[in-house]
1. For the stretch 257-289, which trypsin sites (Lys or Arg not before Pro) pass both filters: DSSP loop (anything but H, G, I, E, B) and at most 14 other C-beta atoms within 10 Å?
2. What length, rounded to one decimal in nm, is gained on full extension from Val81 through to Asp262, with 0.36 nm per residue of separation minus their alpha-carbon distance?
3. Can you sort Thr282, Thr330 from fewest to most other Cβ atoms within 10 Å of each residue's own Cβ?
4. Within a 10 angstrom radius of the beta carbon, how do His63, His245 rank from fewest other beta carbons to most?
5. For a 32 Å ceiling on Cα separation, which of these pairs sit above it: Lys35/Lys324; Lys72/Lys222; Lys222/Lys308; Lys32/Lys58; Lys35/Lys58?
6. Collect residues whose amide H, placed 1.01 Å from N in the peptide plane, falls under 5 Å from the amide H of Arg278; neighbours closer than 5 in sequence don't count.
7. What is the distance in Å between the Cα centroid of the stretch 36-89 and that of the stretch 204-262?
8. Order of Glu313, Glu41 from fewest to most other C-beta atoms within 10 Å?
Amino acid sequence: MIQIKKVDIWVLEVKTSVCCNPVHPYVATGNKNSKFGIRNEKLQWFLDAVKAHPNELKLVGAHCHLGSTITKVDIFRDAAVLMVNYIDEIRAQGFEISYLNIGGGLGIDYYHAGAVLPTPRDLIDTNYTYKSGNWVRKPSKLWHIISPACCNLDMAYKLLVQFVMWIENDAQMLIETKLPSGVRELVLSRDLNLIIEPGRSLIANTCCLVNRVTGVKTNGTKNFVVIDGSMAELIRPSLYDAYQHIELVSPPPSDAQISTFDVVGPVCESADFLGKDRELPTPPRGAGLVVHDAGAYCMSMASTYNLKMRPPEYWVEDDGSMSKIRHGETFEDHVRYFEGL
């Protein structure tokens, strides 16, 4: 049953089954058991429900969610073909569909292995329209392609300004396209506005989590580097078994002993780890340790579990100067929610 309380403008999210890179089940979005979208056999049920409330509901677009670790833009072509077929079917029933959102977003080189991955620029020029034999940029549509999971508003604003300036200053962007051939033709043939979402690729590698080593230990079969950071600040490894690249802040001496470690935190959970089976020099107590690529899905997912207060954040300029952009939390911040009750 659909309960209508106000006038809503809807974009229909349809499940798409395209061949993506394997991901953890918790971040899979297109399979049949995912909570996202509507199964194709439910499409007519949904359309009938919208038809039953013409004064309250207006369907204007279709959307698919491919995931957020995409490494090959060919996947967008496969999704576009499926989605255009759905849009043709929907339009045949009288709906005026103006938007196609083929989702995102692009992955990054979490392993720091030198992988060449698509960038937001590879998708930007889909924001052009074809008029009188020329590709013409549509500035009013620019915001459609920016959908980062930002963890800090100040940082997000600075990144957004830089991103917009980058686009505005690149006049050659409309000449060549790296989006797979066929996507633009499909969209133009249906007179659709194409929406894309670069996602984590905008900000994931702009931040890192800096930790201090509190000790090194072994249980006889496994070696551990214990740090003051934890799953409370960065839960991706514990939640998704995600890989985060880890390095010591200071270069080790040439004769440093290299061992295999699990990098773990102080939280009272066996799942409290930032990395497993990492080849690292044995660090001294107090050494700095960096967990890279913490700009997306990290601070925004942080918690105060085990009374771990969220750390401060700093903006680092090109010249190395730093400015605080978020205060670290204190125990007083936490307990004030219980005062005066």
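1. The qualifying sites are Arg285.
2. On the way: separation 181, 0.36 × 181 = 65.16 nm, distance 4.41 nm.
Answer, rounded to one decimal: 60.8 nm.
3. Thr330, Thr282
4. Working: His63 20, His245 17.
If I rank by nearby Cβ atoms, fewest first, I get His245, His63.
5. Flagged as over cut-off: Lys35/Lys324; Lys72/Lys222.
6. Residues meeting the criterion, in which the H sits 1.01 Å from N, are Phe261, Asp262, Val263.
7. Cα centres, the stretch 36-89 to the stretch 204-262: 42 Å.
8. Ascending Cβ contact count within 10 Å gives the list Glu41, Glu313.
Values quoted throughout were computed directly from the atomic coordinates according to the rules given, and no laboratory measurement underlies them. Keep in mind that this is a model prediction, so the values were computed, not measured. Backbone-built Cβ (ideal geometry, glycine too); neighbour counts: all protein chains shown.
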